[in-house]
Amino acid sequence: MLKILGRTSSINVRKVLWACDELGIAFEREEWGEGFRSPQEAAFKKLNPNAMIPVIQDQDFVLWESNTIIRYLANAGEGSWLYPLNPRERARVDQWIDWQATELNTAWRYAFMSLVRHSPAHRDPRLLAAACKGWTYTMGILNQQLESTGAYVAGSAFSLADIPIGLSVNRWYETPLEHADLPAVRAYYERLTQRKGYATWGRNGTP
């Protein structure tokens, strides 16, 4: 059985858990990360030298990096309905997965660490204001894309890209800041909530 190492409060672990739910993959999970066993332990660092969660063990195969993991699960689990085989369709999905990891994740980092994690290193009001502005701008890009597709981030059908993007949208709404009026993002949020996996691992009160 697939083993997932990581705590459920981690957005990156929840990507993997939601992907398993969509693909019908059974798994067992071990608690690692803040509040649990430390990824700095030698046993964990043998699996991931970066000492970061999540890590999966699929029999003798070990993999880390959450976006790589969900791609692997879709490929291994007959998930072409989530991760298309057509090169152009797949590239569109990959584009938005990578955008979440680079642009969107970068945009929210300071604001999230300040407003949710209450990090002492993220208390500068000018930097916080700039971060909130940047996060709002980036979410506006997502809103434009969703207006264009009318449904999901990579097109008319739910895809693997909606897992990292959907969890990011939940983080946006669960972070206590002034939220711009983004009707397409709000409609997307409600649309995703109809999926069991998102209700379980996404919109569950955890930023």
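The values are calculated or read from the model by the stated rules, or taken from the named source; none is laboratory data. Note that the structure is a prediction, hence the values are computed from the model and not measured. In this analysis, Cβ positions are derived from the backbone assuming ideal geometry, glycine residues included, and neighbour counts consider all displayed protein chains. Areas reflect the complete protein model, heavy atoms only, side chains present, ligands, DNA and RNA absent. Shrake-Rupley method; radii C 1.70, N 1.55, O 1.52, S 1.80 Å.
Tabulated data
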| item | result |
| --- | --- |
| Residue ID - most open to solvent (accessible area, probe 1.4 Å), chosen from residues in the range 139-152 that are under 24 Å from residue 89 (Cβ atoms) and under 16 Å from the mean Cα position of the chain (by Cα) | 152 |
| Set 177, 104: member being more than 27 Å from residue 68 (Cα to Cα) and either assigned to a loop (DSSP other than H, G, I, E, B) or touching a Ser or Thr at 6+ places or on another chain (Cβ under 9 Å) (or both) | 177 |
| Residue list for the range 30-44, restricted to those being modelled with pLDDT of 95 or more and either open to solvent by less than 80 Å² (accessible area, probe 1.4 Å) or in a loop (DSSP other than H, G, I, E, B) (or both) | 30, 31, 32, 33, 36, 38, 39, 40, 41, 42, 43, 44 |
| Residue in the range 82-101 that is assigned to a loop (DSSP other than H, G, I, E, B) and touching a strand residue (DSSP E or B) at 6+ places or on another chain (Cβ under 8 Å) present | no |
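Table: residues versus (1) open to solvent by 10 Å² or more (accessible area, probe 1.4 Å); (2) modelled with pLDDT of 95 or more; (3) closer than 14 Å to residue 138 by Cα; (4) not acidic (Asp, Glu).
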residue: 154; (1), (2), (3), (4): yes, yes, no, yes
residue: 164; (1), (2), (3), (4): no, yes, no, yes
residue: 167; (1), (2), (3), (4): no, yes, no, yes
residue: 172; (1), (2), (3), (4): no, yes, yes, yes
residue: 176; (1), (2), (3), (4): yes, yes, no, yes
residue: 184; (1), (2), (3), (4): yes, yes, yes, yes
residue: 192; (1), (2), (3), (4): no, yes, no, yes
residue: 195; (1), (2), (3), (4): yes, yes, no, yes
residue: 198; (1), (2), (3), (4): no, yes, no, yes
